[in-house]
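Here is the structure we will look at.
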Amino acid sequence: MAQETLLKGRVLSFTASPFEGEPEDAVRIDEAVLLSGGTIAAVGNHDALRAAHPQAEVVDHGERLILPGFVDAHVHYPQTAMIASWGKRLIDWLNSYTFPEEMKFASPDYAAEIAGRYLDLTAAHGTTTMCSFCTIHPESVEAFFAAAQARGQRVVAGKTCMDRNAPEGLRDTAQTAYDQSRALLQRWHGLDRISYAITPRFSPTSTPEQLEAMGALWAENPDCLMQTHLSEQTDEIEWVRGLFPDARDYLDTYESFGLLGGNGLYGHAIHLEPRERDRLREVGAALVHCPTSNTFIGSGLFDMAGLMVEGQRIGLATDTGGGSSFSMLRTMAAAYEIGQLRGVPLHSSQLLWLATVGSARALRMNHLIGNIAPGMEADLVVLDLASTPAIAQRSDMASDLWEAVFPTIMMGDDRAVTEVWIGGRRKGP
């Protein structure tokens with residue numbers, strides 16, 4: 001019989017989307033959650049669960065908040081070491097910082113070092129699943145998946161494909177991109193908690209031939225996710241227009257090569273044309289909001305309210321290392337701030353939903369992760385809502401849960417994360 005663990009605290013789960021109806025009505029609060037064999041066995045009244053499972057180990061978290069583990073829907077783990085690099089727009093930033101760092105991932109040892117470092121840093125912040133770009137080097141994918149597998153962690157990643165507008169040593173070809181991606185996909189996709197994502201970086205760094213090859217690979221493996229970037233900055237969009245003069249818009253540079261679909265993940269998606277918004281909604285694609293990155297690199301303000309009203313599928317992401325933090329709490333705070341700048345402040349439940357259920361939906365994994373319910377995988381984060389004196393003095397004045405949790409969203413960091421469970425196992429310090 002599997003070892004059972006009963007976590008006692010304020011267990012928050014979502015019964016609906018807080019973007020539909022009153023935000024407070026989408027949440028359920030229970031007293032305890034029972035873990036067994038890597039999954040959630042039950043949620044409910046503590047005394048009843050304790051009586052029904054007397055052999056379970058009890059971990060009492062008092063008034064702390066037990067949430068689904070955070071899900072980060074768009075990251076670049078190879079950019080871990082150069083996070084918070086100063087002062088560049090996207091294209092200059094890539095050339096000055098990103099590409100030189102990514103060159104190092106031809107080394108399996110360096111790739112393994114950064115993969116382990118990244119997963120440890122993000123776990124300390126309560127992130128239990130992420131979808132990552134790797135580099136063009138298959139070694140970078142192998143290292144990331146091996147590190148995640150050793151931790152029992154659910155992750156998505158793929159070899160980044162680029163065959164132009166990148167330095168020597170960071171370019172593949174249409175054929176090698178296809179062959180290497182296919183080999184990695186066949187080796188890793190569906191193994192343990194690992195999924196492969198077909199990964200053209202973005203249209204400017206792929207020739208039409210490479211985009212066509214990636215579209216062909218996706219057509220052969222339609223259950224895989226496909227991740228890329230879309231309409232992050234206005235000068236990037238102008239660059240795309242020059243490279244693809246016959247395209248109707250940026251999205252068309254993907255659509256015309258078979259890279260638009262319901263399993264597609266499109267990072268940023270800030271400056272979308274009406275046709276692009278319509279097509280993304282029609283196919284059920286996912287848009288990934290990267291607020292700390294969008295402010296740090298000066299990209300623009302994501303239209304959360306308008307896109308949600310349209311019925312778009314939206315996740316939330318740190319976009320490490322264009323994003324300036326590994327923390328999904330900080331990312332939620334930035335999403336709130338961008339909402340304020342657009343005149344639509346997000347409720348605490350909406351922010352938490354984006355970082356859990358919303359991102360899991362973006363990854364087509366919300367039946368497995370992103371919520372707390374029987375049968376789901378046991379990825380959990382426990383938050384102390386009084387982790388610092390500044391936060392404690394504000395949360396002490398709270399009249400309800402939402403007033404209590406909001407200071408942690410706005411000012412919290414890894415000190416607020418008191419415990420993390422990945423696949424039913426407590427993550428060590």
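Things to note:
- Restricting attention to the stretch 316-347 and to residues that are open to solvent by 10 Å² or more (accessible area, probe 1.4 Å) and hydroxyl-bearing (Ser, Thr, Tyr), the residue that is farthest from ASP400 (Cα to Cα) turns out to be SER324.
- Residue under evaluation ASP60, criteria (1) open to solvent by 30 Å² or more (accessible area, probe 1.4 Å); (2) modelled with pLDDT of 95 or more; (3) over 19 Å from VAL417 (Cβ atoms), criterion not met: (3)
- Number of positions in the stretch 135-145 that are over 11 Å from ALA106 (Cα atoms) and outside any helix (DSSP H, G or I): 0
- Selection of the stretch 402-429 for residues being at pLDDT below 95 and surrounded by 14 or more Cβ atoms within 10 Å (Cβ to Cβ) yields only LYS427.
- In the stretch 1-26, of all residues being at pLDDT 95 or above and of a type in the set (A, V, I, L, M, F, W, C), the one that is farthest from the chain's Cα centre (by Cα) corresponds to LEU6.
- Among the candidates SER206, SER231, residue that is in contact with a strand residue (DSSP E or B) (Cβ under 6 Å, 6 or more places away or on another chain), surrounded by 17 or more Cβ atoms within 10 Å (Cβ to Cβ) and more than 18 Å from ALA157 (Cα to Cα): SER206
- Flag if ARG154 is within 17 Å of the chain's Cα centre (by Cα) and charged (D, E, K, R): yes
- Applying the condition of being within 19 Å of the chain's Cα centre (by Cα) and small (Gly, Ala, Ser) to the stretch 378-429 and asking which residue is nearest to ALA41 (Cα to Cα) yields ALA378.
- As for the stretch 327-336, it holds at least one residue that is modelled with pLDDT of 95 or more and more than 26 Å from ALA81 (Cα to Cα).
- Pairs linking a residue in the stretch 295-318 that is modelled with pLDDT under 95 to a residue that is in a loop (DSSP other than H, G, I, E, B), with Cβ atoms under 6 Å and 6 or more positions apart or on different chains, are PHE296/SER324; ILE297/GLY322; SER299/GLU232; SER299/GLN233; SER299/ILE270.
- Pairs where the first residue, in the stretch 249-263, is free of Cβ contacts under 8 Å to residues at least 60 places away in the same chain and the second is surrounded by 21 or more Cβ atoms within 10 Å (Cβ to Cβ) and of a type in the set (Phe, Trp, Tyr), C-beta under 7 Å, 6+ apart: GLY258/TRP218; LEU259/TRP218; LEU260/TYR254
- Summed over the stretch 87-124, the residues that are crowded, with 24+ Cβ neighbours inside 10 Å, modelled with pLDDT of 95 or more and not hydrophobic (A, V, I, L, M, F, W, C) give a count of 2.
- Check on ALA166, under 17 Å from THR228 (Cβ atoms), touching a strand residue (DSSP E or B) at 6+ places or on another chain (Cβ under 8 Å) and either at pLDDT 95 or above or surrounded by fewer than 24 Cβ atoms within 10 Å (Cβ to Cβ) (or both): no
- Across the stretch 155-200, the number of residues qualifying as touching a Pro at 6+ places or on another chain (Cβ under 7 Å) and assigned to a strand (DSSP E or B) comes to 1.
- Residue match in the stretch 146-154 (condition: small (Gly, Ala, Ser), in a loop (DSSP other than H, G, I, E, B) and farther than 14 Å from LEU225 by Cβ): yes
The values are calculated or read from the model by the stated rules, or taken from the named source; none is laboratory data. No experiment lies behind these values; they were computed from the predicted model shown. Heads up, the Cβs are rebuilt from the backbone with ideal geometry, glycines too, and the neighbour counts pull from every protein chain shown. Note: areas computed on protein heavy atoms with side chains; ligands, DNA, RNA excluded. Shrake-Rupley method; radii C 1.70, N 1.55, O 1.52, S 1.80 Å.
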